[in-house]
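All remarks here apply to the structure that follows.
The values are calculated or read from the model by the stated rules, or taken from the named source; none is laboratory data. Owing to the predicted nature of the structure, the values given are computational and were not obtained by experimental measurement. Cβ: placed from backbone, ideal geometry, glycine included. Neighbour counts: every protein chain shown. Accessible surface is based on the protein model in full, side chains and every heavy atom, while ligands, DNA and RNA are left aside. Shrake-Rupley method; radii C 1.70, N 1.55, O 1.52, S 1.80 Å.
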Amino acid sequence: AQAPVNVTVTGAAGAIGYALLFRIASGQLLGTDTPVRLRLLEIPQAVKAAEGTAMELDDCAFPLLAGVDITDNPKQAFDGVNVALLVGARPRSKGMERGDLLEANGGIFKPQGEAINAGAADDVKVLVVGNPANTNALIAQQHAPDVPAERFTAMTRLDHNRALSQLATKLGVSVTDISTMSIWGNHSATQYPDLFHAQVNGRSAAEQVDHAWLEETFIPTVAKRGAAIIEARGASSAASAANAAIDHVYDWVHGTEDWTSAGVVSDGSYGVPEGLISSFPVVARDGKYEIVQGLDIDEFSRARIDASVRELTEERDAVAKLGLV
Ligand code: NAX
């Protein structure tokens, strides 16, 4: 039988963790023939709650679940890790400046990057979900110099899935009628969901909607969907975020036919400064996410991609000033 794959989830006692762990243990992250061993990393105050979730995982008697370990020590959590889902982060509290938020998260993602560097398996794949996801991923990556940079990714798959759903509803088609959708830039309100390269039943999506809808409804609806969910539910996206994390890792491991979106280390493509972790249209091949190359970028898209990348550059400059990268 296949040896279990070590999957570490940080922030395991949180809302996304609760929606994620059962799906991982049931085989949806890596496939229904791959056993998994879960490692849950939490802060000391939340270890007991994580133990409660682990009790429920036991009670599911998942055939693929080879074990659950719980720790508040990053070194233990990432020892031998194959897939790391970095979900736990410091949320922005009232009145908190962006610099303080970046600094507080640096205090989480720097030691986690170091622990991944020290102990991870050679094939480790890292997905950062905790916000600000792109810059948290950059901080972790910068403290893991022995791990190939491309193994660090940030989640924009939820934005991608939101874009598919909004467009499908608008045109009265199925999400499976849509291809080559993409999200560019930062996982933030400046992100750019791109309908100029997307196709619906083989024809340009941008040509099938009017420009006012694209600019004034579609883009802000996708970019601000997280806030709309909080407004409606009184709590932030959890099941849909967990679902996107599952999609991101499943596709990374199994490969894609169509494009998807992920925050990946820029190689300088499309004028995105090398080394920034920015969302691009990507495909997955042989266990690697690759940026889709050779696209023409019209003026409208250029301005939006540049604005989001500018924000990422500012975040990188801010964490550089704090000595975090
Ligand atoms: P919760 O507050 O429910 O859970 C976060 C958990 O992380 C808590 O249990 C906390 O104890 C733990 N934690 C904090 N610091 C930790 C550390 N140093 N090590 C280990 N665990 C630690 O938040 P939840 O709703 O689960 O969201 C988690 C993160 O996902 C947030 O940063 C959130 O902003 C982010 N999101 C990212 C999305 C994306 O698309 N990239 C979408 C959903 C979500 O907003």
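Looking only at residues of the range 98-113 that are surrounded by fewer than 21 Cβ atoms within 10 Å (Cβ to Cβ) and among the small types (Gly, Ala, Ser), we find that the one that is farthest from the ligand (Cβ to nearest atom) is GLY99. Are any of the residues in the range 156-172 surrounded by fewer than 16 Cβ atoms within 10 Å (Cβ to Cβ) and not in a helix (DSSP H, G or I)? Checking the range 156-172: at least one residue is surrounded by fewer than 16 Cβ atoms within 10 Å (Cβ to Cβ) and not in a helix (DSSP H, G or I). When the criteria are applied in full, GLY95 meets the requirement of being at positive phi, out of contact with any His (no Cβ under 8 Å at 6 or more places or on another chain) and either open to solvent by 20 Å² or more (accessible area, probe 1.4 Å) or in contact (Cβ under 8 Å) with a residue 24 or more places away in the chain (or both). Scanning the range 234-259 for residues that are part of a loop (DSSP other than H, G, I, E, B) and near the ligand (Cβ under 8 Å from one of its atoms) yields ALA235, SER236, SER237, ALA238. Listed by first and then second residue, the pairs with beta-carbon distance under 6 Å, at least 6 apart or on different chains, first residue in the range 255-283 and on the phi > 0 side of the Ramachandran plot, second open to solvent by less than 40 Å² (accessible area, probe 1.4 Å), are GLY255/ALA284. Within the range 66-97, being away from the ligand (no atom under 13 Å from the Cβ) and modelled with pLDDT of 95 or more holds for ALA66, GLY67, VAL68, ASP69, ASP79, GLY80, VAL81, ASN82, VAL83.
If you go through the range 38-65 and keep only what is open to solvent by less than 80 Å² (accessible area, probe 1.4 Å), more than 15 Å from the ligand (Cβ to nearest atom) and out of contact with any helix residue (DSSP H, G or I) (no Cβ under 9 Å at 6 or more places or on another chain), you end up with just ALA61. Here the condition is being within 16 Å of VAL87 (Cα to Cα) and open to solvent by 10 Å² or more (accessible area, probe 1.4 Å); of ALA239, ALA262, ALA244, it holds for ALA239 alone. So which residues in the range 1-21 are more than 14 Å from the ligand (Cβ to nearest atom) and modelled with pLDDT of 95 or more, if there are any at all? PRO4, VAL5, ASN6, VAL7, listed by residue number.
Scanning for something in a helix (DSSP H, G or I), open to solvent by 10 Å² or more (accessible area, probe 1.4 Å) and closer than 20 Å to ILE297 by Cα, does the range 194-207 turn up at least one residue? There is at least one residue in the range 194-207 that is in a helix (DSSP H, G or I), open to solvent by 10 Å² or more (accessible area, probe 1.4 Å) and closer than 20 Å to ILE297 by Cα. Would you confirm whether any residue within the range 298-317 is open to solvent by less than 40 Å² (accessible area, probe 1.4 Å), among the hydroxyl-bearing types (Ser, Thr, Tyr), farther than 23 Å from GLY88 by Cα and assigned to a strand (DSSP E or B)? No, that holds for no residue. Checking each residue of the range 3-21 against the condition of being out of contact with any Leu (no Cβ under 7 Å at 6 or more places or on another chain) and surrounded by fewer than 16 Cβ atoms within 10 Å (Cβ to Cβ) gives at least one match. When the range 141-164 is limited to residues that are within 12 Å of VAL126 (Cβ to Cβ) and of a type in the set (Val, Ile, Thr), the one that is nearest to the ligand (Cβ to nearest atom) turns out to be THR153.
The residue that is nearest to the ligand (Cβ to nearest atom), counting only those in the range 22-37 that are closer than 15 Å to GLU56 by Cα and open to solvent by less than 10 Å² (accessible area, probe 1.4 Å), is ILE24.
Among the residues of the range 114-137, those that are within 14 Å of the ligand (Cβ to nearest atom) and under 16 Å from the mean Cα position of the chain (by Cα) comprise VAL126, LEU127, VAL128, VAL129, GLY130, ASN131, PRO132, ALA133, ASN134, THR135, ASN136, ALA137. All of ALA89, ALA149 fail the test of being under 17 Å from the mean Cα position of the chain (by Cα), open to solvent by 10 Å² or more (accessible area, probe 1.4 Å) and closer than 21 Å to SER266 by Cα, apart from ALA149.
When the range 98-113 is examined, which residues are found to be free of Cβ contacts under 8 Å to residues at least 40 places away in the same chain and acidic (Asp, Glu)? If the condition is that a residue be free of Cβ contacts under 8 Å to residues at least 40 places away in the same chain and acidic (Asp, Glu), then ASP100 is the only one that fits.
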